[in-house]
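*Asks:* Can you read through this structure? Questions will come right after.
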Amino acid sequence: NATGILINPGHTSNLTIAANITVTDDYTATDTKNVGDAVLDGPFATGTGRYGIHSMGATPFIGNVGVTSASTIKVEGNNSYGIAFDNKVQGNFSYDGTITMEGDNNAGIALKDGVTGSTYISGVINTHGNNSSAVQLGGDFGGSVEIDGSFTTTGYATITSVTAAQLKAILTTPE
């Protein structure tokens, strides 16, 4: 388990992020079964429970949250989050950065107990892993919710075009 920014329960203040947050490991998926077919074998990531930003507990976060376009968050691991608020945000939530997630059962942004003010989610979110999502919203939202960005989620082992030789290798010896 690893966390870039941990917010303990009962936090009362605005939070503005204009920085890079990286929570990764040294694992790289490789092509080991049918070498040259461009299909990565094995898991997308190792390790679990990693967070770029994590606000924990049941006590609400009181204040506005702003993640600017200058922010990048990269997280590698399974059952992990780019931004996770387990508690309600009593204020506004605004996101306009870039999140990259690698691993299964992940979410780029998870607002699990809602937001009392306005919610704006923009920017770029890319998740690569089985059962992963760009955005998860739970609980009640008291203000407007605007989702306006570029979000990509895939569980495929390869997301780039393969050559004719690679396609032939995939079709003749499927993994």
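*Asks:* By accessible area of protein heavy atoms, probe 1.4 Å, what ranking do Lys112, Lys88 get, highest first? Please report the intermediate quantities before stating the final value.
*Replies:* Working: Lys112 85, Lys88 45 Å².
The ranking, largest first, comes out as Lys112, Lys88.
*Asks:* I would also like to ask the following. With Cβ to Cβ distances under 15 Å as the rule, what net charge do the other residues near Thr154 carry (K, R +1; D, E -1)?
*Replies:* That sum, taken over residues with Cβ under 15 Å, equals -2.
*Asks:* Summing +1 for each Lys or Arg and -1 for each Asp or Glu, what net charge is found among the other residues whose Cβ lies under 12 Å from the Cβ of Gly57?
*Replies:* Summing Lys/Arg as +1 and Asp/Glu as -1 gives 0.
*Asks:* Using amide H atoms built in the peptide plane, which far-off residues or other-chain residues are under 5 Å from Asn64 H to H?
*Replies:* Asn14, Leu15, Asn92
*Asks:* Arrange the residues Met101, Met56 by how much accessible surface each exposes, largest first, with a 1.4 angstrom probe.
*Replies:* On the way: Met101 0, Met56 70 Å².
Descending order: Met56, Met101.
*Asks:* Here's another thing I want to ask about it. What does the charge add up to near Phe93, with Lys and Arg as +1, Asp and Glu as -1, over the other residues with Cβ less than 15 Å from its Cβ?
*Replies:* -4
*Asks:* Just reorder Leu111, Leu137 by solvent-accessible area, largest first, 1.4 Å probe, all chains present. Can you show the working numbers first?
*Replies:* Working: Leu111 0, Leu137 75 Å².
Reading off the accessible areas and sorting them downward yields Leu137, Leu111.
*Asks:* Right, here's the next one. If you consider only alpha-carbon coordinates, what radius of gyration and Dmax does segment 56-138 have, in Å?
*Replies:* Both quantities, over Cα of segment 56-138: 12.2, 34 Å.
The values are calculated or read from the model by the stated rules, or taken from the named source; none is laboratory data. What you see is a predicted model; the values in this text were computed from it and never measured. All Cβ positions, glycine included, derive from the backbone under ideal geometry; neighbour counts span all protein chains shown. All accessible areas refer to the heavy atoms of the entire protein, side chains included, with ligands and DNA or RNA removed. Shrake-Rupley method; radii C 1.70, N 1.55, O 1.52, S 1.80 Å.
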